[in-house]
Structures are given as C-alpha cells and as structure tokens.
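Asks: Could you have a look at this structure, given as structure tokens, before my questions?
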Amino acid sequence: MIRATLKSLLARKLRLILSGLAVVLGVMFVSGAFVLTDTLGRTFDAIFADAYQGVDVNVAAKPKIAVSEMEGEQTSPPLPAATLDKVREVPGVASATGVVAVDGARLIGSNGKAVASFGPPQLGENWTGESEQLQLREGHEPRADDEIVINQGLATAGKVKLGDRVGVLTPLEPKQEFTIVGITGYSGGRDSIGGSSEIMFTTPTAQRLMLGEPNTFSSVTVKATGGVTDDSLRDAVAAAVGDGYVVKTGEQLSTEAAQSFKEALSFFNRILLGFAAVALLVGTFLILNTFSIIVAQRTRELALMRAVGASRRQIIGSVVLEAIAVGLIASVFGLAAGIGIGALLAWVFGNFAGGLTLAGIGVPAAAVIGAFGVGLVITVVAAVLPALRASRIPPIAAMQDVATPDRPLTRITVAGALVTSVGAALLFLGLNGNAGDNTLATILSGVLFAFIGVALLTPLISRPVVSLLGAIFAWSVPGKLGRLNSGRNPRRTAITAAALMVGIALVTGVTVILDSAKGSISALAKDTIKAELVIAGTQSGPRPPSFDPAVLDKAAALPGVQLVDGEYGDMALVNGERTWVSASSNVAALERIFGAKSSSGDISRLTPEQMLVSSDTAKSRNLSVGSQVTVQLSRGDARTYTVSGIYESSQLTNPMMLPPQAARDFAIPQPIQGFVQLAPGARVADVQPQVERLLADSPEVSVADRDAFIKQQTSSLDGLLTMIQILLALAIVIAVLGIVNTLALSVLERTRELGLLRAIGLRRAQTMRMITVEAVVISVFGALLGVAVGSGLGAAVVRALKDEGIKDLILPWGQMAIMLGLAAIVGVVAAVLPAIRAARINVLGAIAHE
C-alpha cells in the first residue's frame, strides 16, 4: 500500500506542486519571522555589549517615571558632581568618570535639514577621551565651547566634514552653531555603534545643552582595580551612594538593554506570525481543494484498491501519507525561503536604521520547529476530510464510469450557519469590550470563525451567484460552457473562491476601518480646531520634533495674529498612576482654539498651583473642583496642584492640563505643536511666510494651514494601510495559485469531456476562452465575497469604536471596484496555463482517456 501511494504521488507530482507552494509561502513567513528576530536579537546583543565595553559599574539616578520602549524614552535626572567625588572614594574603584550622554542632539546637515533617526539614539555627550573602543580618525578633541566632535556615521549621513560650521539642535536650547574639530571611529573599523549618532561637546557645554544644569552628569562609569569583581564593586558603590541611585554592572546594563529591545522586536514578530497565519489559512483552502479533486479523480483507482482488499484505514493512510510527503517537502523549501527572507529583512532593517553591522544569519530551533510543525500540521489537517471521503468509496465504484454523485448541501449549510453564529457572537463580545483581558484573542477568534463559517455557506450561494456572473459571458458558446462549468461543482467553486475571499476581506476590512478613522479624525479636527495655522513636524523616532518657545512670542506679535498657543506633552505620575499630561502656553486656547466647554469651575486661566482635567478623567479618578492632585514629572520634585476647572472630554483634548510653568520639568521642555489663530480679515497667505521665517532655526518643524496639518497627521494611517496591503498580498497570491490549481486539476479531470468537445468542433481558441470564463467567474465571485465580508467586519469594528471618536463609516467604493476589476484580471492570468493545456489536448487520446 505504501509503494502504491508513493507511485501515485510521483505520478501526480505536478498536480501537487501548486498546493505545496501555498505551504511554502506560509512556512516562509513563519520561519522568516524567527530568523529575523534571532538575527536582530544577536545583533543588538553585540551592540549593547560593545556600548558597555570597559564599564565595570555604572551609576545613574533613579528615573522619576518608568517608561517602556514602546512608550518613548526613559529620562533620568542628572547626578550632582558630588556623587562623582563620592564614587571615587569607594575602595576598589580604579577610576570614575562623569558622563553626559542624553538622546536628542540633532545635527543639521549640509542640506539644511536635521539628520533624522529611525530608531538609534542621537546622543549629545561630553568628550571623555579616546578608549579601546573610540578613536579620533581626524582632528582633535573639543577645546572650546563652540567646538564639537562627531562620529563618522553622522558625518556621512549629514554630508559634513572636518572644519565645517554646523547647527545643532538640543532638547533644552534653541539651535546653536559649532565647528566640527574632530571625527571619530570605533574598533573594528566601524563608523557608529548600532547606527547611533554622537555629538561630543566640552563637558560644560554638554551639561548646559543636554542636562540644563552645570556640574551635573547623566551617569558615572566606574573601572575596578585588579582583583575586585564587578559584582562586589557594584555592591560597595551602591552602599556608598544610597537609595536614590541605580547601580549596575556593565554586563547587567548590556543584558537589560538588549532584552528591552527584544521585547519591542517581539511585537513585530507577532505581526509577521499573524500574516503567516492568514497565509496558511488561505493555503488550507487550497490544499483541501487539491486533495478533494485528486480523490474525486482517483475514485475508480481507490475503489479497485478496496476491491482487491485494501481497508478503509489503508485508504485514509494513503491520502494522509501523500499529505505528509507534500508537507515535508514544502516545509523544507519554506524553511529555506524563510531563511532568505529573514536575512533580507534584517539587511533592510540594518540599512534603514543607519547601517547596523548585523550578526551572522542563524537558524534558531524555533524556525525549524515552526516550519515543519506548521507545514505538516496544515497539510495533514487539510487532507483529513478528503481522506475520510476517499475511505467511503465503495468497491462497486470501480465498475462505474462516473465518480460518486454530488451530495446535498444541507449538512454543510447547517454547519456554516452554526460556525458563522459562533463567529458573530465572539465578535460581538470582543468589540463591545465584554471579553475582559481576552479582548484581542476573542476578536481574532471571531474573525477566524466568521471566515470558516462563510466558507461553509459559500456552496449554497455559489450556484445562483456564479450563474448570474457567468451570464455576462453567455453571449458565446465558450462563455455558456464556461458559465456552466464554473457552477457544476458548488463545493469546489466555493472552496476556491473562499481562499480569495479571505485576503480581499481582510484588505477591505482594514481599509474600511482606517478610512473611517481618517475621515472621523479629519472631520472632528476641522470642526474643532479654530486655528488657521499649525506648527508641527513628523515624528520619525522616539522623540517628537520640538521648537524654540521664543517662536510663540514672536508669532503672537505678527500683524494679523490674534492668538498663539504652544502645546507641551509628557508622561507623568498623577497620584501614583501613569498618564499623559499636557501644558499650554496660553490656557485660553483650550476654549478659543479647541472649543472646550466648561463642566465645572473656570477653564480660562491657571495659576502655577492649579490644573485642569477632562470630565472623563475627573469621573474615573473621582476628582472635582478643589481636589488636590500630586504630579511627578520627568524632572524635578513632585508637586501638588489644585483642580480649578473641568472641561468636557473630546478626542482632541488631553486628559489633564498643567500650567505652562510645569513644562520646564517635562522630558522635552519645548513645545511640540503650535497653533496660530488669525484675526478677522487676516489672510493665511500673508501670515504663513512670516511664521516660516521664525522657524528658520527649527528645521524639524514647519507651519502649515489646518487642512494640510490634518492631512499630515493622518498620513501615518496611509503608510500603515500600505504595509498591511503588501503583507496581505501574499494571501491573495496563494489564492491565485488556488484558482490555477483548481483549473489545472479540473482540466485533467475533464480530459475526455474536452476531447469530445474538440471532436464536435470546439476550436482551440474557444477552448481557451471557456477555461478563462471559468477562472474569471470564480475569481470575481471570491472578490465579491471578500468585499461583502470585509465591509461587514469593518463596519462592525467602526461601530464598536464609536465612543472612541470614529463615528463616520466610510466605505472605499473606488477601491472595492478596483478589487473586482483586478479579480477579473487575476482570473485571466490564472487561466493562462490551464487554458493552454486544455487547448493542446490530443483529441483522439482524450476520447480514449479513462
């Protein structure tokens, strides 16, 4: 039986290639995700090990607020110089160095724009001398307050050189001019460490620009004397400096930094695995269809096996063995493709992040286990139903000319209704927030059950819908035949169409949600923001662009300007709970620019000891006018504020507003947005150029009219949609393979029928048109299903997000029409090879075909 199965498999190897390709593509995503994260993880292990090379112990002040990698940057308060002196007196300390190293120093390149970073920090540091790791390649150390040294990576990115006079932006001061007097490199011939840019000042300048206080440091690095272990020195230093400090070994810092990055990377890994799951779901439809058709084609063969003594178990084993063989081969190729795609994505990430030196590409055990586990499981599971169907073929079928007749659709329809109901119930629970901590899992399960349920219901509607679609082509004989062929086997048509439905439904659903979000945000902003001009930049890293607060006062003095407001923002501890807080340079803007309405108290003014809160925040935190609130910001000591007013919550107002004086203790004590309201009769075209000139020293931000600002703020959703569409394109590609596979197997199944049609006069071109009509009808049917299901899912999500401000349901009619048009083109393309094969059938041989 095993030999017969293997011979059958080899005889049908071309039929199984396309179904194997579906597994290859899905496995590629799974293994590629693990290869990528493993490579980047080991890369950053090496980077952070280099970054803390030569540091035995490090001393830093405890941060006021803990901030994760996904939320932004951790800000630690500066250390007084007295701490450095105290560390130097600890027994076992060979040397202690006061270090200033703070993110946020941006070089303005030769093109007049700030050199951007898409992840790696932009460090402003004090020059502490050369080391085994850091060497001067050109020039000398900074000796004057207007001199800097930069690393070669930054010099290359900014297209600047030794001796150039350049501008530098820092978190605490407006742009200042410096002369580049030195360029550094690193051991191993590297131009940077992990793509980080470094600007090194004299120590007093670094303290003023990066810390805001003289005689302070961001940390102290310690070298141990011979014979003293890092752990023992750490404990001794910790005991000397007290509880207000974080004292760790260099190895600890390296491990924790790498682990923090890996946690952020795991989020990206889960996204890739999610798209792999979609690809494999579509692949399951394809494999199920393939084995169903093959079993149908082998009815007589399997019946003969039953007649000569094969048991039902052996028949099932025969089909499952074929599935295992396909799964194993596909897993091998999928793993190889995954290694390649993982290496490619790592290379792209490395170059995108500023030229990372990647660790060697490795294949972790998770990639191998995932590849073979997923490949085998998906293939075998998809083959189980066809295998069971094969085992039910009676021996008497060996004497029949036709396969078993098509079965009634009652059972599959009932099953589809039940599964769809389960999916709808899960979606209802998840989208309405009734699933507790399992909201995301509940929603994803609901989507999965919905797709499977719709796929099971599809045979019921396939015959009338396909007949209706085919009527478009029924004006010719090939069109009529193609229409009849596409509807003759509703189960096969349904499974083929369902594979395409999944990809298109997800694309449509995501588009509906994001377009509705964009439309709702844009409408709300246009109705709410009463400022004609907005100062803002596009955030490309963990720090939002900021600008000199002096711009606000200068803009307020311009002719035609009625009101100017600068917005600051930061994470804070409010009564011990973390939340986002804001500060406004002009509290009156809350009402006059953002249209906020008072619920209680006075929201038009603030003293330095008062704050405002939104009505939702007041309700959730049990606050009222007169309540005392303790706020700990990124810098400074905790302060107590009195709630002097409560404003009605909206999607464009922050939960809490502090007085403008509080902004000096924010992580970024500069405005990140500015709003300019014009006086009646003033023109945007007259005022905007004047504000642009005020921003000459802030190249990261620009001034735009309100509509352009809103478009800029929602453009990130366009990028997200494009990324999702690219990743989901893989599922659509697999679905196209499914159409090709179905047609190719169908042509083989109908060899005798096609020969008879040719014999009675159907020409080759007509045969090709008939096959093409089948493909186009099935493809458009799948696209229609996808558009309908995706629109429904998207509308349900938008409805559930109504309280979050997404109130406008926007259906992308144009994109849906494009999808249907592309589906027709996909059908034509998918039909090419099967149509050519059908046209080349030998007429006499086909008539004699068994």
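Asks: Greater than 18 Å separation of Cα atoms is the criterion. Which listed pairs, LYS113/LYS554; LYS86/LYS223; LYS530/LYS619; LYS619/LYS807; LYS554/LYS711; LYS113/LYS526, meet it?
Replies: Beyond 18 Å: LYS113/LYS554; LYS530/LYS619; LYS619/LYS807; LYS554/LYS711; LYS113/LYS526.
Asks: Over the chain, what relative contact order in percent results from Cα pairs under 8 Å that are six or more residues apart?
Replies: Relative contact order, the chain: 16 percent.
Asks: Additional query: At a 10 Å Cβ-Cβ cut-off, how would you order ILE535, ILE108, ILE315, ILE726, fewest neighbours first?
Replies: Ranking ILE535, ILE108, ILE315, ILE726 by Cβ neighbours within 10 Å, fewest first, gives ILE726, ILE108, ILE315, ILE535.
Asks: I'd like the distance between the alpha-carbon centres of the stretch 759-799 and the stretch 145-165, rounded to an integer number of Å.
Replies: 59
Asks: Only counting other Cβ atoms within 10 Å, I'd like SER584, SER331, SER31 sorted with the fewest neighbours first.
Replies: The fewest-first ordering by Cβ neighbours comes to SER584, SER331, SER31.
Asks: Ok, one more. Please compute the modelled spin-label separation between GLU591 and THR640, points set 7 Å along Cα→Cβ, answer in nm with one decimal.
Replies: 2.9
Asks: Under a crude label model (7 Å from the Cα following the beta-carbon direction), how far is ASN438 from ARG664 in nanometres?
Replies: 5.3
Asks: Could you give the angle, 0 to 90 degrees to the nearest 10, between helix 706-749's Cα long axis and the longest principal axis of the Cα atoms of the chain?
Replies: That helix lies at roughly 20 degrees to the long axis.
Asks: As a check on your grasp of the helix formula, calculate [θ] at 222 nm for the chain: sum -39500 (n - 2.57) over DSSP H runs of n ≥ 4, divide by the residue count, round to the nearest 500.
Replies: Dividing the helical sum by the residues of the chain leaves -18500 deg cm²/dmol.
Asks: So if R0 is 22 Å, what FRET efficiency would ALA550 and GLU692 give, r being the distance between their Cβ atoms, rounded to the nearest 0.05?
Replies: Once rounded, the FRET efficiency stands at 0.90.
Asks: Treating only the Cβ atoms of Lys and Arg (+1) and Asp and Glu (-1) as charged, compute the dipole magnitude of the stretch 47-260 about its Cα centre; round to the nearest 20 debye.
Replies: Dipole of the stretch 47-260, to the nearest 20 debye: 420 debye.
Asks: Along the charge dipole of the stretch 47-260, pointing to its positive end and built from +1/-1 on Cβ of Lys, Arg, Asp and Glu, which listed residue (ALA240, ASN111, VAL181) has its Cα farthest out?
Replies: Farthest towards the positive pole: ASN111.
Asks: If I stretch the segment between ALA788 and GLN539 completely, what's the gain in nm (0.36 nm per residue apart, minus their alpha carbon distance), one decimal?
Replies: Using 0.36 nm per residue and subtracting the Cα-Cα distance, I get 86.0 nm.
Asks: A follow-up question, please. Pull up the cross-link candidates among the aspartates and glutamates for LYS480, meaning alpha carbon to alpha carbon under 12 Å and not fewer than 8 places away within one chain.
Replies: Counting by Cα, and skipping residues close in sequence, LYS480 has these aspartates and glutamates nearby: GLU774.
Asks: Gain in length, ARG411 to ARG840, computed as 0.36 nm per residue apart minus the alpha-carbon separation, to one decimal in nm?
Replies: Stretched out fully, the ARG411 to ARG840 stretch lengthens by 150.5 nm.
Asks: Which longest run of the chain has no exposed loop site in it, a site being chymotrypsin sites (Phe, Trp or Tyr not before Pro) in a DSSP loop with at most 15 other beta carbons within 10 Å, and the site itself not part of the run?
Replies: Between the exposed loop sites, the longest stretch runs 476-850.
Asks: Hey, what D do you get for the stretch 548-694 in µm²/s if you plug the Kirkwood alpha-carbon radius into Stokes-Einstein at 10 °C and 1.306 mPa s?
Replies: 100
Asks: Now for a different question. For the Cα atoms of the chain, what angle does the longest principal axis make with the long axis of helix 2-11, in degrees from 0 to 90, nearest 10?
Replies: Taking Cα atoms only, the helix is inclined about 80 degrees.
Asks: To continue, here is another question. Provide the descending list of Cα extents for the stretch 571-635 along its principal axes, expressed in whole angstroms.
Replies: Here the Cα extents, ordered largest to smallest, are 32, 26, 18 Å.
Asks: Now for a different question. Taking the Cα centroid of the stretch 232-271 and of the stretch 78-137, what is the distance between the two, rounded to the nearest whole Å?
Replies: With the stretch 232-271 and the stretch 78-137 each reduced to a Cα centre, they are spaced 18 Å.
Asks: Next up: In percent, how large is the relative contact order of the stretch 494-621, given Cα pairs closer than 8 Å and 6 or more residues apart?
Replies: Relative contact order here is 16 percent.
Asks: What dipole magnitude, in Debye to the nearest 20, does the chain give about its Cα centre under +1 on Lys/Arg Cβ and -1 on Asp/Glu Cβ?
Replies: Roughly 5880 debye for the chain.
Asks: Turning to a different aspect of this structure: I need the per residue convex hull volume for the stretch 47-260, using only the alpha carbons, in cubic angstrom as a whole number.
Replies: Hull volume over Cα atoms, normalised by residue count, gives 121 Å³.
Asks: What is the ratio of the Cα radius of gyration of the stretch 222-290 to 2.2 N^0.38 Å, with N the residue count, to two decimals?
Replies: In units of the globular-protein estimate, the stretch 222-290 measures up at 2.17.
Asks: Related question: Is the stretch 520-611 best put as rounded, prolate or oblate by its Cα gyration tensor, with a ≥ b ≥ c the root eigenvalues, rounded for a/c under 1.5, and otherwise prolate when a/b is larger than b/c, oblate when not?
Replies: Rounded, since a/c falls under 1.5.
Asks: Let me ask something else about it. Tell me, what is the percent relative contact order of the stretch 548-694, built from C-alpha pairs under 8 Å that lie six or more residues apart?
Replies: 35
Asks: Compute the helix-to-body angle for 490-528: its Cα long axis versus the longest principal axis of the chain, expressed 0 to 90° and rounded to tens.
Replies: In the chain, helix 490-528 runs at an angle near 30 degrees to the longest axis.
Asks: Give the aspartates and glutamates whose C-alpha is closer than 18 Å to that of LYS802, dropping any in the same chain fewer than 8 places away, or say none.
Replies: ASP515, ASP527, ASP616, GLU648
Asks: Then there is this: Taking only the C-alpha atoms, wrap a convex hull around the chain and report its volume per residue in Å³ as a whole number.
Replies: Cα convex hull per residue, to the nearest whole number: 206 Å³.
Asks: Measure off 7 Å from each Cα along the Cα-to-Cβ vector at LEU388 and LEU484, then give the distance between these two points in nanometres to one decimal.
Replies: With each label placed 7 Å out from Cα toward Cβ, I get 3.4 nm.
Asks: If one puts a single equal scatterer on every Cα of the stretch 153-266 and applies the Debye formula without solvent, what log₁₀ I(q)/I(0) results at q = 0.11, 0.16, 0.21 Å⁻¹?
Replies: Each listed q maps to, in turn, -0.58, -1.10, -1.24.
FYI, it's all coordinate maths here, none of it is from the lab. All values derive from a computational prediction rather than experimental measurement. As a convention, Cβ positions derive from the backbone with ideal geometry for all residues, glycine included, and neighbour counts pool all protein chains shown.
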